[in-house]
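Structure first, commentary second.
The values are calculated or read from the model by the stated rules, or taken from the named source; none is laboratory data. Quick caveat: nothing in here was measured; it's all calculated off a predicted structure. As a convention, Cβ positions derive from the backbone with ideal geometry for all residues, glycine included, and neighbour counts pool all protein chains shown.
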Amino acid sequence: MTSDKKNISLLVDIFAKSGLTDIVISPGSRNAPIIISFANRKEINAFSIVDERSAAFFALGLALKTKKTVAIACTSGSAVLNYASAISEAFYQKIPLLIITADRPPNLIDIGDGQTIRQNNIYANYIKKSYQLPLTLDTKEEFVTAEKIINEALNTCNFPQPGPVHINIPFDEPIYNISTAPISGTLAKYENTIPAIAVDDLKEIANKWNKSKKVLLIAGQSESNNELKTILQKLSEKENTVILTETTSNLHGDKFIDTIDNIVSTIKENEAELFKPDLIVSFGGQIVSKKIKKFLRDNKALMHLHISPSGEKMDTYFSLTDAVKTDEVTFFSSLLENITAVESNYSVLWTDRKTEVERKKKEYLNQIKYSDFKVFESILEHLPANSVLHLGNSTPVRYSQLFGSKQGIVYNSNRGVSGIDGQVSTAVGYAYYSEQLNVLITGDLGFLYDSNGLMNNYLNPNLKIIVINNSGGGIFRFIPGPDTTPNMEEFFVAKHNWKAEYICKAFNVGYFKVESMKDMEEILPNFLNSKSDKIGVLEIFTPADKNAKVLREYFSFIGG
């Protein structure tokens with residue numbers, strides 16, 4: 001059974017033939033043909049989530065877990081705009097989403113018809129490509145055009161790098177008619193290959209590398225990749241090579257520097273030249289650390305290469321020489337065969353500083369009292385092995401960088417755009433298909449902002465949510481600037497007395513709370529290890545007036 005609208009019937013057929021299985025649909029009327037066609041196709045899992053904003057982030061979580069394109073579909077009008085936050089996140093984090101929006105026919109746009117806006121190419125700046133299907137497929141030309149659009153859109157979602165693609169579909173009345181004769185389309189085959197590095201280019205890069213005493217590799221946000229990790233571990237043995245990673249890089253190695261902020265904060269002005277690289281090679285997505293961005297912008301390398309299969313020229317450090325159009329495994333494995341040993345103390349410089357900073361960090365943590373910093377230490381110590389850790393913006397993901405990565409933990413965070421929205425919904429989507437323990441650490445505002453992520457019939461009890469409630473946006477209490485204005489608490493921090501307890505009751509979610517270090521020691525281990533038939537939320541109340549002071553004093557302590 002399918003809709004009698006041939007354009008959507010063809011899309012569903014090719015979607016299923018391509019091996020895709022998931023679509024998240026929000027209720028509406030104009031998208032009735034989409035609902036009828038997808039929800040009644042046995043090979044497809046159709047999820048129903050009311051709020052389009054939450055639905056799109058839920059789909060983002062599904063795609064992050066399955067590593068396959070996930071579709072989202074909504075009705076016409078303002079519903080379409082509610083997808084924008086998640087689409088921008090998917091674009092910058094390179095996650096494949098197929099956005100399907102129902103629309104009125106072109107002749108009804110801008111004439112005062114209800115629930116009608118200009119939808120064609122509406123996400124222009126935040127998608128890989130936008131398409132509009134023909135209103136009818138009554139001619140062979142229309143059918144061929146639609147078939148080509150659908151196949152190209154599905155391929156573009158994943159090649160050369162993943163990302164969101166939009167298909168706008170106009171539907172004329174009547175929209176609820178059903179057909180028992182689905183349209184059949186042809187699944188196109190594409191020869192998608194990532195180019196190898198040209199021999200001359202490889203020789204030139206290797207030559208630069210072999211002449212550099214200070215080579216800095218910087219890994220941005222990425223998925224776990226064991227093959228890449230093995231290659232990087234071999235490179236980390238080179239005296240002239242330092243590999244900087246973050247928890248969200250999902251790369252763990254004995255000699256990797258995975259606590260960037262800790263180390264960069266200790267570099268004195270008279271030491272900058274020692275740590276300044278000759279050559280930077282960056283790869284992956286966004287970097288959390290503002291400190292390394294500032295350091296490398298102030299102390300520019302002679303050469304900076306960014307690895308990108310799509311040729312994206314991401315000039316994070318204001319020193320980009322060129323983008324290398326290939327993938328990381330191809331690049332570093334080819335390079336490994338062409339570089340030679342270079343006598344240098346660059347690797348020792350960074351590792352010695354890391355050892356010293358780690359010693360001071362432990363000393364400081366042993367002497368401080370109950371605070372965000374101490375709470376985060378306790379959570380990470382008690383986190384079970386082989387868990388998935390979802391880190392909210394802004395303070396949770398930053399605190400995690402101070403502790404570095406743990407072997408076997410998967411780190412996720414919406415760091416494409418780094419917005420506050422969608423933290424709960426993304427974790428709920430990821431956890432749906434996960435068999436591991438999933439833990440989301442979020443702030444109070446992040447949780448409250450996306451609390452309708454719990455208005456969802458697909459809550460997997462393997463998800464535990466930890467809300468660190470410091471009565472507002474804690475990040476604004478320690479970044480420079482807000483405290484120099486009279487508006488900090490009301491407009492930057494958004495100080496409040498709200499709690500998560502009654503939200504949890506409304507959505508039938510387990511609720512626990514912590515208000516002291518003694519509570520943490522008693523409640524946290526049981527919360528993380530307990531089995532339940534529903535999601536649990538642990539709200540940890542921390543002293544807002546002390547958290548910023550503790551963190552500022554930490555950086556002074558390790559830098560002294």
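Annotations for the structure displayed:
- Residue list for the stretch 407-457, filter: under 26 Å from ALA506 (Cβ atoms), of a type in the set (D, E, K, R) and in a loop (DSSP other than H, G, I, E, B): ASP421, ASP450
- Test: residue in the stretch 299-314 that is within 24 Å of ILE523 (Cβ to Cβ) and crowded, with 20+ Cβ neighbours inside 10 Å: no
- Filter pass, LEU154 being crowded, with 18+ Cβ neighbours inside 10 Å, touching a residue at least 60 places away in the same chain (Cβ under 8 Å) and in a loop (DSSP other than H, G, I, E, B): no
- Given (1) closer than 19 Å to ASP172 by Cβ; (2) in a helix (DSSP H, G or I), number of the condition VAL144 does not satisfy: (1)
- Cβ-Cβ contacts under 9 Å between residues 6 or more apart (or on different chains), taken from a first residue in the stretch 106-122 that is of a type outside the set (A, V, I, L, M, F, W, C) to a second residue that is in a helix (DSSP H, G or I), are listed as GLN115/SER78; GLN115/ALA79; THR116/LEU108; GLN119/VAL80; ASN120/PRO106.
- Count of residues meeting criterion [part of a loop (DSSP other than H, G, I, E, B) and surrounded by fewer than 23 Cβ atoms within 10 Å (Cβ to Cβ)] in the stretch 40-74: 9
- If you check ILE99, ILE117 for being buried (at least 22 other Cβ atoms within 10 Å of the Cβ) and β-branched (Val, Ile, Thr), only one passes: ILE99.
- The stretch 192-214, subset of a type in the set (A, V, I, L, M, F, W, C) and assigned to a helix (DSSP H, G or I), residue modelled with the lowest pLDDT: VAL199
Here is a yes/no grid of residues against (1) touching a residue at least 60 places away in the same chain (Cβ under 8 Å); (2) touching a helix residue (DSSP H, G or I) at 6+ places or on another chain (Cβ under 6 Å):
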{"residue": "ASN207", "(1), (2)": "no, no"}
{"residue": "ILE243", "(1), (2)": "no, yes"}
{"residue": "THR248", "(1), (2)": "yes, no"}
{"residue": "ILE257", "(1), (2)": "yes, yes"}
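Residues are listed down the side, and each one gets a yes or a no for (1) modelled with pLDDT of 95 or more; (2) buried (at least 20 other Cβ atoms within 10 Å of the Cβ); (3) within 14 Å of ILE468 (Cβ to Cβ); (4) touching an Asp or Glu at 6+ places or on another chain (Cβ under 8 Å):
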{"position": "LYS505", "(1), (2), (3), (4)": "yes, no, no, no"}
{"position": "LYS513", "(1), (2), (3), (4)": "yes, no, yes, yes"}
{"position": "LEU524", "(1), (2), (3), (4)": "yes, yes, yes, no"}
{"position": "ASP533", "(1), (2), (3), (4)": "no, no, no, no"}
{"position": "LEU538", "(1), (2), (3), (4)": "yes, yes, yes, no"}
{"position": "THR542", "(1), (2), (3), (4)": "no, yes, yes, yes"}
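- Residue match in the stretch 168-191 (condition: within 20 Å of ILE95 (Cβ to Cβ) and modelled with pLDDT of 95 or more): no
- Considering residues of the stretch 270-285 that are small (Gly, Ala, Ser) and farther than 20 Å from ALA206 by Cα only, the residue surrounded by the most Cβ atoms within 10 Å (Cβ to Cβ): GLY284
- Restricting attention to the stretch 18-51, the residues that are among the hydroxyl-bearing types (Ser, Thr, Tyr) and farther than 23 Å from ASP421 by Cα add up to 4.
- Scanning the stretch 1-21 for residues that are in contact with a strand residue (DSSP E or B) (Cβ under 8 Å, 6 or more places away or on another chain), surrounded by fewer than 24 Cβ atoms within 10 Å (Cβ to Cβ) and more than 19 Å from TYR176 (Cβ to Cβ) returns LEU20, THR21.
- Residues within the stretch 236-270 that are over 27 Å from the mean Cα position of the chain (by Cα) and in a helix (DSSP H, G or I), tallied: 2
- If only residues of the stretch 6-39 that are part of a loop (DSSP other than H, G, I, E, B), among the hydroxyl-bearing types (Ser, Thr, Tyr) and at pLDDT 95 or above are counted, the one that is nearest to LEU137 (Cα to Cα) is SER18.
- Of the set (1) of a type outside the set (Lys, Arg); (2) in the same structural domain as LEU228 (by TED's automatic domain parsing); (3) surrounded by fewer than 18 Cβ atoms within 10 Å (Cβ to Cβ); (4) under 19 Å from LYS255 (Cα atoms), all apply to SER347 but (3).
- LEU228 being in contact with a Pro (Cβ under 7 Å, 6 or more places away or on another chain) and either surrounded by 15 or more Cβ atoms within 10 Å (Cβ to Cβ) or outside any strand (DSSP E or B) (or both): no
- Scanning the stretch 124-139 for any residue that is part of a loop (DSSP other than H, G, I, E, B), among the polar types (S, T, N, Q) and either farther than 18 Å from SER85 by Cα or in the same structural domain as ILE25 (by TED's automatic domain parsing) (or both) turns up at least one such residue.
- Within the stretch 488-501, at least one residue is touching a Ser or Thr at 6+ places or on another chain (Cβ under 9 Å) and modelled with pLDDT of 90 or more.
- Qualifying residue in the stretch 367-388 (condition: touching a residue at least 24 places away in the same chain (Cβ under 8 Å) and within 30 Å of VAL324 (Cβ to Cβ)): no
- Beta carbons closer than 9 Å, at least 6 apart along the sequence or on distinct chains, pair a first residue in the stretch 304-330 that is within 14 Å of TYR92 (Cα to Cα) with a second that is basic (Lys, Arg) and not in a loop (DSSP other than H, G, I, E, B) for THR316/LYS293; THR316/ARG297.
- Every residue from the stretch 237-254 that is more than 19 Å from ASP327 (Cβ to Cβ) and at pLDDT 95 or above: GLU237, LYS238, GLU239, ASN240, THR241, VAL242, LEU244, GLU246, THR247
- Answer from LYS505, LYS518, LYS534 - the residue that is more than 20 Å from SER425 (Cβ to Cβ) and of a type in the set (Lys, Arg): LYS518
- Residues of the stretch 357-368 classified as loosely packed, with under 13 Cβ neighbours inside 10 Å and of a type in the set (D, E, K, R), total: 3
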